[in-house]
Amino acid sequence: MSLKTQIEAQIKQAMLNKEKTRLTALRAIKSLILLAETEKGAKEELTEDAELKLLTKAAKQRKDSLEIYKEQGRDDLADVENAELVVIEEFLPKQLTEEEVKEEVQKVINQTGASGPQDMGKVMGAATKKLAGKADGKLISQFARQLLS
């Protein structure tokens, strides 16, 4: 079942259950999917990779907004962003722990034969592809830099 079909079914359920915040988050995801599908040069259906990228981007936006709202003491807006983030994360693959990310980055370093900071690009390319949707890019970069130094 495609992500779009899942979202549409969840939207109907949220309407029936009168879950306003969940409904808002689901509609935002559907909007992103529709925009991507109607984009110039886009195919009829989105690939799983494209769907994953959309969801990851939406989650990252919510996390960034959440941090900003908390810094500014806007708990009302932070709560909305957090609720939407929870809904988006339901459709993302399980996130790896920091320790698991560090292990995966170490495996990539071993596989690529990277030996120092000059190989950062090689490691990041392979690691971000391998951990797409499962770990944050900042975390991958942090561990790659740490392990290569």
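The values are calculated or read from the model by the stated rules, or taken from the named source; none is laboratory data. Values in this document were obtained by computation on a predicted structure and should not be read as measured data. Neighbour counts run over all protein chains shown; Cβ positions are idealised from the backbone, glycine included. All accessible areas refer to the heavy atoms of the entire protein, side chains included, with ligands and DNA or RNA removed. Shrake-Rupley method; radii C 1.70, N 1.55, O 1.52, S 1.80 Å.
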- Query: Mind checking the dipole of the range 69-149: about its Cα centre, +1 per Lys or Arg Cβ, -1 per Asp or Glu Cβ, Debye to the nearest 20?
  - Reply: 660 debye
- Equivalent ellipsoid semi-axes - Cα gyration tensor, the range 34-96, angstrom: 27, 13, 9
- Task: Return the distance in nm (one decimal) between the two label points of a simple spin-label model at S2 and K53, each offset 7 Å from Cα along Cα→Cβ.
- Result: 1.7 nm
- Item | Phi to ³J(HN,Hα) by Karplus 6.51 cos²θ - 1.76 cosθ + 1.60 over the range 52-68, Hz, x for Gly, Pro | 4, 5, 4, 5, 5, 5, 4, 5, 4, 4, 5, 5, 4, 5, 4, 4, 4
- Message: Can you tell me the orientation of helix 137-148 relative to the chain, as the angle in degrees between its alpha-carbon axis and the longest Cα principal axis, to the nearest 10?
- Response: 10 degrees
- Message: Between D119 and Q72, what is 0.36 nm times their sequence separation minus the Cα-Cα distance? Round to one decimal in nm.
- Response: 13.0 nm
- Quick one: length gained pulling D64 to T21 fully straight, 0.36 nm per residue minus the C-alpha distance? 13.6 nm
- Query: Of all the accessible heavy-atom surface of the range 35-149, with the other protein chains kept in place and a 1.4 Å probe, what percent is carbon and sulfur?
  - Reply: 50 percent
- Item | Correct choice for Kirkwood radius over Cα pairs in Å that was computed from the model, options [x] 20.9; [y] 15.4; [z] 17.2 | [z]
- Please report, in debye to the nearest 20, how large the charge dipole of the chain is about its Cα centre when each Lys and Arg carries +1 at its beta carbon and each Asp and Glu carries -1 there. 240 debye
- Query: If the limit is 20 Å between Cα atoms, which of K70/K130; K20/K60; K60/K130; K18/K63; K20/K134 go over it?
  - Reply: K70/K130; K20/K60; K18/K63; K20/K134
- Message: Below 18 Å, Cα to Cα, which aspartates and glutamates can K102 reach? Residues fewer than 8 away in the same chain don't count.
- Response: D119, D136
- Message: Need one number: nm distance between label points at E99 and V86, each 7 Å from Cα along Cα→Cβ, rounded to one decimal.
- Response: 2.7 nm
- Under a 1.4 Å probe, what is the accessible area of the chain per residue, stated in Å²? 65 Å²
- Multiply the residue gap between A36 and K130 by 0.36 nm, knock off their C-alpha separation, and tell me the result in nm, one decimal place. 31.5 nm
